[in-house]
Amino acid sequence: MAKLVSIFLLALLAFSMIATTVMATNGKHHHHHAKKYGPGSLKPSQCLPQCTRRCSKTQYHKPCMFFCQKCCNKCLCVPPGTYGNKAVCPCYNNWKTKEGGPKCP
(Lines give C-alpha, C1' and ligand atoms only; values in the text may rest on other atoms or scores of the structure.)
Protein backbone atom coordinates (compact mmCIF):
# COMPACT_ATOMS: atom_id res chain seq x y z
CA MET A 1 0.00 0.00 0.00
CA ALA A 2 2.80 2.44 0.88
CA LYS A 3 4.47 1.65 -2.45
CA LEU A 4 1.24 2.48 -4.31
CA VAL A 5 0.89 5.80 -2.45
CA SER A 6 4.55 6.64 -3.26
CA ILE A 7 4.05 5.90 -6.95
CA PHE A 8 0.84 7.97 -6.98
CA LEU A 9 2.57 10.94 -5.30
CA LEU A 10 5.54 10.68 -7.67
CA ALA A 11 3.20 10.64 -10.69
CA LEU A 12 1.30 13.62 -9.28
CA LEU A 13 4.56 15.52 -8.77
CA ALA A 14 5.73 14.74 -12.34
CA PHE A 15 2.38 15.83 -13.78
CA SER A 16 2.51 19.04 -11.75
CA MET A 17 6.03 19.84 -13.02
CA ILE A 18 5.03 19.24 -16.65
CA ALA A 19 1.89 21.38 -16.30
CA THR A 20 3.92 24.20 -14.71
CA THR A 21 6.50 24.07 -17.52
CA VAL A 22 3.79 24.17 -20.19
CA MET A 23 2.02 27.09 -18.49
CA ALA A 24 5.29 29.03 -18.11
CA THR A 25 6.09 28.51 -21.79
CA ASN A 26 2.62 29.66 -22.83
CA GLY A 27 2.87 32.67 -20.53
CA LYS A 28 6.13 33.78 -22.14
CA HIS A 29 4.67 33.34 -25.62
CA HIS A 30 1.61 35.48 -24.86
CA HIS A 31 3.69 38.04 -23.00
CA HIS A 32 5.79 38.57 -26.14
CA HIS A 33 2.68 39.50 -28.15
CA ALA A 34 1.44 41.80 -25.38
CA LYS A 35 4.70 43.81 -25.51
CA LYS A 36 4.02 45.53 -28.79
CA TYR A 37 4.40 48.82 -26.92
CA GLY A 38 6.09 49.66 -23.66
CA PRO A 39 9.62 49.88 -22.27
CA GLY A 40 12.10 47.74 -24.17
CA SER A 41 9.48 46.51 -26.63
CA LEU A 42 11.54 47.44 -29.70
CA LYS A 43 14.91 46.56 -31.18
CA PRO A 44 17.03 49.50 -32.45
CA SER A 45 16.34 48.37 -36.04
CA GLN A 46 12.60 48.95 -35.44
CA CYS A 47 13.02 52.62 -34.47
CA LEU A 48 12.95 54.06 -38.00
CA PRO A 49 9.63 52.46 -39.03
CA GLN A 50 8.03 53.20 -35.64
CA CYS A 51 9.16 56.84 -35.75
CA THR A 52 7.95 57.13 -39.35
CA ARG A 53 4.53 56.03 -38.06
CA ARG A 54 4.72 58.32 -35.01
CA CYS A 55 5.73 61.38 -37.05
CA SER A 56 3.48 60.72 -40.06
CA LYS A 57 0.94 63.50 -39.33
CA THR A 58 3.15 66.33 -38.09
CA GLN A 59 4.14 69.35 -40.17
CA TYR A 60 7.52 69.23 -38.38
CA HIS A 61 8.56 65.88 -39.86
CA LYS A 62 12.37 66.30 -39.74
CA PRO A 63 12.72 67.36 -36.08
CA CYS A 64 10.06 64.84 -35.07
CA MET A 65 12.02 62.03 -36.76
CA PHE A 66 15.32 63.22 -35.27
CA PHE A 67 14.07 63.32 -31.68
CA CYS A 68 11.84 60.28 -32.00
CA GLN A 69 14.78 58.17 -33.19
CA LYS A 70 17.02 59.58 -30.44
CA CYS A 71 14.37 58.69 -27.85
CA CYS A 72 13.64 55.30 -29.38
CA ASN A 73 17.31 54.33 -29.42
CA LYS A 74 17.56 55.23 -25.71
CA CYS A 75 14.21 53.86 -24.55
CA LEU A 76 13.57 51.09 -27.13
CA CYS A 77 9.96 52.22 -27.14
CA VAL A 78 7.72 54.50 -29.23
CA PRO A 79 4.17 55.18 -28.00
CA PRO A 80 1.22 54.05 -30.13
CA GLY A 81 -0.51 56.55 -32.39
CA THR A 82 0.79 59.80 -33.84
CA TYR A 83 0.29 61.90 -30.69
CA GLY A 84 -0.04 61.37 -26.93
CA ASN A 85 -0.16 57.90 -25.32
CA LYS A 86 3.25 58.56 -23.73
CA ALA A 87 2.29 56.91 -20.43
CA VAL A 88 2.80 53.56 -22.22
CA CYS A 89 6.49 54.44 -22.50
CA PRO A 90 7.77 56.03 -19.24
CA CYS A 91 11.37 56.58 -20.44
CA TYR A 92 10.08 58.29 -23.59
CA ASN A 93 7.61 60.31 -21.53
CA ASN A 94 10.02 61.40 -18.77
CA TRP A 95 13.01 62.47 -20.89
CA LYS A 96 12.89 66.28 -20.78
CA THR A 97 14.78 69.15 -22.45
CA LYS A 98 16.98 71.52 -20.40
CA GLU A 99 13.97 73.84 -20.26
CA GLY A 100 11.80 71.05 -18.81
CA GLY A 101 9.68 70.44 -21.90
CA PRO A 102 9.18 67.02 -23.46
CA LYS A 103 12.17 65.80 -25.46
CA CYS A 104 10.35 62.98 -27.23
CA PRO A 105 7.52 63.60 -29.72
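The values are calculated or read from the model by the stated rules, or taken from the named source; none is laboratory data. It should be emphasised that the depicted structure is a prediction, and the values quoted were computed from it without experimental measurement. Side chains are part of the model used for accessible areas, which takes the heavy atoms of the whole protein and leaves out ligands, DNA and RNA. Shrake-Rupley method; radii C 1.70, N 1.55, O 1.52, S 1.80 Å.
Remarks
- The set of residues in segment 70-92 being farther than 13 Å from TYR37 by Cα, open to solvent by less than 60 Å² (accessible area, probe 1.4 Å) and not in a loop (DSSP other than H, G, I, E, B) consists of CYS71 alone.
- Qualifying positions in segment 40-65 - open to solvent by 80 Å² or more (accessible area, probe 1.4 Å) and either of a type in the set (Lys, Arg) or over 17 Å from CYS77 (Cα atoms) (or both): LYS43, LYS57, GLN59, TYR60, HIS61, LYS62
- Just one of the numbered conditions (1) in a loop (DSSP other than H, G, I, E, B); (2) modelled with pLDDT of 95 or more is not true of CYS47: (1).
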